[in-house]
Amino acid sequence: MSSVGVLIVFAIVGAVICAKCRVPAGAVVFSLVALVLFVATPAGQGLPEAVASFLSTVDDSTTPALNHQPPAGSEAVG
């Protein structure tokens with residue numbers, strides 16, 4: 001796929017055109033196509049792992065607050 005960059009640009013341009021014409025469904029579809037094409041490239045192959053790592057870190061840091069537990073090592077009384 002040597003021309004995947006051109007396809008990504010066309011998908012982004014399509015999303016912008018749909019957004020300007022106030023067609024949100026078309027803009028979302030074009031954005032998803034651009035994202036899928038980007039992940040298919042060597043530069044974007046690490047994106048799913050990076051997003052998963054970020055969400056795991058957010059989950060690990062927010063779970064104690066949501067369960068009303070003190071942070072580990074804080075030695076808080078309660």
For this session: List the DSSP H helices in the chain whose Cα atoms stretch 15 Å or more along the helix axis and whose mean Kyte-Doolittle hydropathy is at least 1.0.
Result: 4-20, 24-39
Exercise. Å³ per residue of the Cα convex hull, for the chain?
Worked result: 123
Problem set entry | In nm, spacing of pseudo-spin labels at ALA52 and VAL28 (7 Å Cα→C-beta vector) | 2.5
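Values quoted throughout were computed directly from the atomic coordinates according to the rules given, and no laboratory measurement underlies them. Here the structure is a predicted model, which is why all the values come from computation and not from measurement. Because the Cβ atoms are built from the backbone with ideal geometry, glycine has one as well, and the counts that use them run over all protein chains shown.
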